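For reference, the structure is listed below as structure tokens.
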Amino acid sequence: MADYRGVAAVSEAIVNLLESHYRPDDFGGEQLQFKVYVAKDFAQPMQAGVSAFLYRIYANGIHRSPGGRPGPHGERTRSQIPLDLHYLLTAWAQDASLQHTLAGWMMRILEDTPSLPPGLLNQRVAGAFHPDETVEIVLGELDTETLFRIWEVIVNHAYQISVPYIARVVRIESSQWVDAGEPVQTRVFNHHKPVAG
């Protein structure tokens, strides 16, 4: 269960994962960048590298509102929010060959690491996730029309090769505790005697 910084931590973990596997010799010595993007960054993108753009956050439909974390005295935190984070990972390059190579490379790295471990999740956002947590990252589905509509909005048709990914299930926990009731002091049994006939 992550705290409210979990969304930012997942975004950073994705680019950190790619950056940690980057070897310039694999790309002819090309210097690549790995960044989390917001919409305005697409107006002046990097020369070569991979960007991760979080374009949608949905509540996970399978893991709805799990109970909060139990405390030491019977209290619990408020319900968690299970989220799926939808990303576009974009390969940037000045020539098609490098762009295509980057696209294949980033997909292979993400397929080889289907779960983001806690050390990676907490690397740039320390303590956002508990030490026993992971986040699954899988290829997403995005129809061509929606993909082009996203690019139309953010960069006015200047399309680049992009691959949709989903980070599932990021459980955002509450920092508010719900008080437990008082301990039971007495039990009262109310047994009715049968009425004599």
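If the condition is being among the aromatic types (Phe, Trp, Tyr) and closer than 15 Å to Ala103 by Cα, then the stretch 5-44 contributes Tyr22, Phe27, Phe34. As a summary of the residue check, Val138 satisfies the conditions (1) in contact with a strand residue (DSSP E or B) (Cβ under 8 Å, 6 or more places away or on another chain); (2) free of Cβ contacts under 8 Å to residues at least 12 places away in the same chain except for the one numbered (2). Give the residue that is farthest from Gln33 (Cα to Cα), with candidates limited to residues of the stretch 117-146 that are assigned to a helix (DSSP H, G or I) and within 16 Å of the chain's Cα centre (by Cα). The selected residue is Pro118.
Only a single criterion out of (1) surrounded by fewer than 18 Cβ atoms within 10 Å (Cβ to Cβ); (2) at pLDDT 95 or above; (3) among the aliphatic types (A, V, I, L, M) is not satisfied by Ile57, namely (2). When Ser79, Ser20, Ser65 are screened for being loosely packed, with under 14 Cβ neighbours inside 10 Å and either in a strand (DSSP E or B) or at pLDDT below 90 (or both), only Ser65 passes.
Scanning the stretch 110-125 finds one or more residues that are of a type in the set (A, V, I, L, M), farther than 25 Å from Ser174 by Cβ and surrounded by 15 or more Cβ atoms within 10 Å (Cβ to Cβ). Against the condition among the hydroxyl-bearing types (Ser, Thr, Tyr) and either in contact with a Lys or Arg (Cβ under 8 Å, 6 or more places away or on another chain) or surrounded by 18 or more Cβ atoms within 10 Å (Cβ to Cβ) (or both), how does Ser51 come out, does it pass? Yes: the conditions hold for Ser51. Cβ-Cβ contacts under 7 Å between residues 6 or more apart (or on different chains), taken from a first residue in the stretch 167-178 that is part of a strand (DSSP E or B) and of a type in the set (Lys, Arg) to a second residue that is at pLDDT 85 or above and surrounded by 17 or more Cβ atoms within 10 Å (Cβ to Cβ), are listed as Arg168/Asp84; Arg171/Pro82.
Tallying residues that are out of contact with any strand residue (DSSP E or B) (no Cβ under 7 Å at 6 or more places or on another chain) and either closer than 19 Å to Gln160 by Cβ or in contact (Cβ under 8 Å) with a residue 24 or more places away in the chain (or both) within the stretch 29-40 yields 5. Filtering the stretch 97-116 to residues that are part of a helix (DSSP H, G or I) and either of a type in the set (Gly, Ala, Ser) or touching a strand residue (DSSP E or B) at 6+ places or on another chain (Cβ under 7 Å) (or both) leaves Ser97, Gln99, Leu102, Ala103, Gly104, Met106, Met107, Leu110.
The values are calculated or read from the model by the stated rules, or taken from the named source; none is laboratory data. All values reported here derive from a predicted model rather than from experimental measurement. Because the Cβ atoms are built from the backbone with ideal geometry, glycine has one as well, and the counts that use them run over all protein chains shown.
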